[in-house]
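A.B. asks: I have a structure here, written as structure tokens, and I will follow up with some questions on it.
The values are calculated or read from the model by the stated rules, or taken from the named source; none is laboratory data. Since this is a predicted model, take the numbers as computed values, not measurements. Note that we place each Cβ from the backbone using ideal geometry, even for glycine, and neighbour counts take in every protein chain shown. Side chains included, ligands, DNA and RNA excluded: accessible areas come from the protein's heavy atoms. Shrake-Rupley method; radii C 1.70, N 1.55, O 1.52, S 1.80 Å.
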Amino acid sequence: MPAPIFALVDCNNFYASCEKLFDPRLAGVPVVVLSNNDGVVVARSAEVKALGLPMGQPWFKVRDLAKRHGIVAFSSNYTLYADMSNRVVNVLAQFSPDLEVYSIDESFLDLSGHVPESLAAYGRSIRERVRQWLGLTVCVGIASSKTLAKLANHCAKKNLAGTGGICDFTAMSAAELDSLMARIEVGEIWGVGRQLAPKLHAMGIRSVKALRDADPGQLRQRFSVVQERIVQELRGIPCLSLEDVTPDRQQIISSRSFGERVHDLQSLQEAVTSHICRAAEKLRNQDSLAGAVTVSIRTSPFNPNEPRYQKSLTVALPEASADSRILTRAALKLLGQSYRQGYAYQKAGVMLSDIRPRRLRQPSLFSAIGNDEDNRRLMQTLDHINSRWGRGTLRLAAEGTDFGWRMKRGHLSPAYTTNWETLPRLIAR
Amino acid sequence: MANAEISTVPPPGIRFPAPESKLCPLPIDAAKIPAGFPSPAADYENGRLDINTYLIRNPVATFFFTVEGRSMEGAEIFDGDIVVVDRSITPRHGHIVVAFIHGERLLKRLYRRAHRVALISENPDFPPVEIREDAEFAVWGVVVGKFKRLPA
């Protein structure tokens, strides 16, 4: 068996880069992306990082500073980021069939069996192809374990080692690695984080090298097998393998925080209906049926001055379905049972579960024959119309028309890649 | 929905545990029972034309843009057309390209010969845009097709 080799490929400033890709006015301009409801800064372009504006700041606190520096803010355009993320994964899959999508902008690749001398060159061709095909810059960390690959990626990104965004630990000498690891803070290691780092500091373990050279048995005693594993991984002994991706979703979740607090049942009903319709559309896209529906509502968990309430109810359907109307009826019934007056609701969500392929359908003894085919056609028509004319063109009356509960997204860029009506315009003048 | 079953799930924010599946579904058409002669056309299926494969060479690297203006009419690209842009093709002299220049997204023919780089229109009403060395200029992708839906 060839020696295991992992690569971690990570997109630089992913959300901000997606925004910049389609908007020529943003070349060289500092860009931030805000969380749901335009709450906090969740992504920064290189220009913003250079200005020293930190991550996670509430937008209202930094708005003045942003204005002074000409920073342009965007609401999170997850439709765009998800499409670009899928494209990146598609490109990466051409470089290795064994791939784990770790997050929206990071993937692990199994490169075991590659000629060691060619690894950095391989990394460069990954970077070059993603740059040309998708206009996004990636950094590649290469090493003999996932934890080391993540660290190598960190080094590539921060220019601590490697060149041109590629850092290959397998090509570095033991002495080079020693001095590099001695310079990196232990908290930078994947899986160490903010809670563990101070405890390691207290034990005198401050650098990556110190943790690598620590006694694994002692760490296991003190903490758990997880920390012992980190030490092994840092020594280049892989303990973590790539995790398989399940192709079809076992659960489909749609949930959102409200732009403003919601008090009345009708607004909640509209929100839940809209969530069900989105989830049902996904369900039909993978040609599946759901056997159970869950509805969750809650007030803000953070505001101590408001009375708190949360409820989550699940119903098993008598017959699995992908019909928005049937799923909505079930969800609204659950909502009616969960709803209590007098609370300021902050979030509502639905989940479809017990998902199985349509061809495994088991009709109930009492279901009307022929109905299913009619319903299916109706739903197909609904999906066609909505994919042609934009989401929500045709919808259930229960979804309402007011949308006061929708997210606040005052700075949203267009769906450049997923909606015919909002494609980027080219000037032919 | 009359005899639907209700169960309470502990409410941890909006996170959902998977409810247990009580059904054991079996495929309806698990075993096909042959009846009669097979269709003589059965071996000739899969021949339907797909406009995607006609217009798109590399889906991962392909993006669509809507055209606004008349400067490329000589190349048969009209106002309102949707163009198919493939980023995986290396732009060369003579390609019709999407170019980002001075904050604008332009559709032009790329001229790159001797020391001259320019963006050429395909309409005599529109003069070429000369690209000077200090220009903020990037070729975004190469146009490989176009399409439009007509009212009917």
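A.B. asks: Select from the stretch A:322-348 all residues whose loss of accessible area on going from the chain by itself to the full protein assembly reaches 30 Å² or more (probe 1.4 Å).
C.D. replies: Relative to the lone chain, where solvent access is computed with a 1.4 Å probe, the stretch A:322-348 loses at least 30 Å² at A:Lys333.
A.B. asks: If Lys and Arg each add +1 and Asp and Glu each add -1, what is the summed charge of the other residues whose beta carbon sits under 9 Å from the beta carbon of A:Ser107?
C.D. replies: Details: positive: none; negative: A:Asp10, A:Glu100, A:Asp105, A:Glu106.
Net charge in that neighbourhood comes out at -4.
A.B. asks: Here is a further query. Interface size between chain B and chain A, please: total buried accessible area, 1.4 Å probe, rounded to the nearest 100 Å².
C.D. replies: On the way: alone 13000 and 22870 Å², together 30730 Å².
About 5100 Å² of accessible surface is lost on pairing.
A.B. asks: Give the carbon-plus-sulfur fraction of the accessible surface of chain A in %, rounded to a whole number; probe 1.4 Å, heavy atoms of protein chains only.
C.D. replies: On the way: 10110 of 20320 Å².
Carbon and sulfur: 50 percent of the exposed surface of chain A.
A.B. asks: Pairs of alpha-carbon atoms within less than 8 angstrom and 6+ residues apart define the contacts here; what relative contact order does the stretch B:44-123 have, in percent? Before the final figure, lay out the partial values.
C.D. replies: Details: 109 pairs, mean separation 19.0, N = 80.
Computed value for the stretch B:44-123: 24 percent relative contact order.
A.B. asks: Taking all protein chains in place and a 1.4 Å probe, what share, in percent, of the accessible surface of the stretch B:109-152 do carbon and sulfur account for?
C.D. replies: 53 percent
A.B. asks: Here is a follow-up. May I ask for the distance between the Cα centers of the stretch A:26-72 and the stretch A:221-298, given as a whole number of Å?
C.D. replies: The stretch A:26-72 and the stretch A:221-298 have Cα centres spaced 28 Å from each other.
A.B. asks: Which whole-number percentage describes the relative contact order of chain A, with Cα contacts under 8 Å and a sequence gap of 6 or more?
C.D. replies: Numbers: 739 pairs, mean separation 68.9, N = 429.
With pairs under 8 Å counted, the relative contact order is 16 percent.
A.B. asks: Taking the alpha-carbon distance from A:Lys333 and a cut-off under 30 Å, which lysines remain once sequence neighbours fewer than 8 residues away in the same chain are dropped?
C.D. replies: Partners within reach: A:Lys282, A:Lys311, A:Lys347, A:Lys408, B:Lys22.
A.B. asks: Moving on to the next point. Straight distance only, please: which lysines reach the Cα of B:Lys108 with their own Cα at less than 29 Å, same-chain residues fewer than 8 apart left out?
C.D. replies: Excluding near neighbours in sequence, the set is A:Lys20, B:Lys146, B:Lys148.
A.B. asks: Ok, one more. Would you calculate, for chain A, the mean residue ellipticity at 222 nm contributed by helices, counting each DSSP H stretch of 4 or more residues as -39,500 (n - 2.57) and dividing by all residues, to the nearest 500? Walk me through the numbers on the way to the answer.
C.D. replies: Working: 14 runs with 166 residues, N = 429.
About -12000 deg cm²/dmol.
A.B. asks: On a straight-distance basis, which lysines could pair with A:Lys146 in a cross-link, Cα separation under 24 angstrom, same-chain partners fewer than 8 positions away excluded?
C.D. replies: A:Lys146 reaches A:Lys157, A:Lys158, A:Lys199, A:Lys209.
A.B. asks: Put +1 on the Cβ of every Lys and Arg and -1 on every Asp and Glu Cβ in the stretch A:53-196; which of A:His154, A:Leu65, A:Ser173 then has its Cα farthest towards the positive end of the dipole?
C.D. replies: A:Leu65
A.B. asks: Turning to a different aspect of this structure: Below 8 Å between Cα atoms, with a sequence gap of 6+, how large is the relative contact order for the stretch A:118-263 in percent? Display every interim value, and only then the final one.
C.D. replies: Values: 170 pairs, mean separation 27.4, N = 146.
After rounding, I find 19 percent.
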